[in-house]
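The values are calculated or read from the model by the stated rules, or taken from the named source; none is laboratory data. Remember, it's a predicted structure, so these values are computed and weren't measured experimentally. Here Cβ is always computed from backbone atoms with ideal geometry, including for glycine, and neighbour counts include all displayed protein chains.
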Amino acid sequence: MKAQTGMGLVGMAWVRSNMWRACAVVDDMGLGMKAGDELDVDSTLCKDVMQSQLGIAFDDALDHPVFRDHRTPKLYGFRAYISEPILLTDGSYFGNLFALDAEPRPITSEKNRAIFTACAGILGKLLQDQLISQQLSNEIQSFKETGNAREVFLAVVAHDLRNPLQAITMGAKMLSRGDEPKAAKLGERIATSARRMSKLIDDLVDYAKGRAGHEISIATEPTESLSAALQTVINEFVEAHPRHDIIASLQLPVAVRVDTPRIQQLLSNLLGNAVAYGAPDLPIRITGSVEGKDIVILVNNQGPLVPDDVMAQMFDPYFQGPKSAATSMGLGLSICKQIVAAHHGSLTVLSCSDSGTTFTVRLPVVL
């Protein structure tokens, strides 16, 4: 721009009612001005541009009826001057694009005015984009910091909760193994409640990690006993819910590569959902089979048709259906979705009035 206009100093300033700060400067006049320098805004012509949001230009201050007696040209030793407001794309005022020279220059020509107006417009757009980018960057950083703080906080809480919970579990086991029938039954109930509390803690920590921007962690290993691992979960539910008829048919004889504890957590959450929302007098069915390189796990419960609005939200965190379980935070199905995604699989649900509600897990993990 300096080469095009012949002006000795060209710059951009950030201007406010009480502040003038140079953002970029090319100074061949020897004024010593550089980016970051500040001036008394009342000593500049930029304040006039800020107030009117109209450009100012003159070829020679000494021949101008207004600026020949103005203190600013005398103070800074210039005769030719041009300044255009820089407006952001939202219409807000940022500052000025300006140029000045110690000698008279034909800066008020139509060509020069057009150059400055166009450049000021371009700068306004670039600055708006930069401000938006910086705002997004700040929001992302804040989100990460908040997420990391949440994750650390919940990790500490989970650790502090698990220690007394472990003591409760051990005490419950001792009671359940005693000779007194009432104490043994009480111990079993305490152990069941402790398992539920442990599951709630695990779900909350997993959810917090997902909110902090981390995928749910898995550690896959080859296993040939996935059926046995799943059967362990089913047996626990059979013991914990003796009034429910839980029927399993697991045909998974092949070697697979999975995170077995996570798959157990997946099945536990799906069974917990089936127990909470299925008809208590109708069976819950679990099937496991191999289809090509995929293992397919189905969990079916009988009951009324699930409404479309519930189907659309059931994988959202904290969502609970009309018949929510008292021990549920509504995180189970959301975490199931995360576990399946971490295994690069799929989780779908289908609800029919005649066959009930079926969750289908498909995992491409067969070795």
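Below is a table of values for the structure above.
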| read-out | value |
| --- | --- |
| LEU200 farther than 28 Å from SER334 by Cβ and either in a helix (DSSP H, G or I) or at pLDDT below 75 (or both) | no |
| Positions within segment 29-63 being acidic (Asp, Glu) and touching a Lys or Arg at 6+ places or on another chain (Cβ under 7 Å), in sequence order | GLU38, ASP59, ASP60 |
| From PHE67, PHE58, PHE78, residue being among the hydrophobic types (A, V, I, L, M, F, W, C), closer than 29 Å to LYS125 by Cβ and in contact with a Phe, Trp or Tyr (Cβ under 8 Å, 6 or more places away or on another chain) | PHE58 |
| Test result for ALA248, within 22 Å of LEU200 (Cβ to Cβ) and touching a Gly at 6+ places or on another chain (Cβ under 9 Å) | no |
| Residue tally, condition of a type in the set (Phe, Trp, Tyr) and under 18 Å from ASP28 (Cα atoms), over segment 51-82 | 3 |
| Top-ranked residue of segment 85-124 - restricted to ones that are polar (S, T, N, Q) and in contact with a Pro (Cβ under 8 Å, 6 or more places away or on another chain), ranked as modelled with the lowest pLDDT | ASN112 |
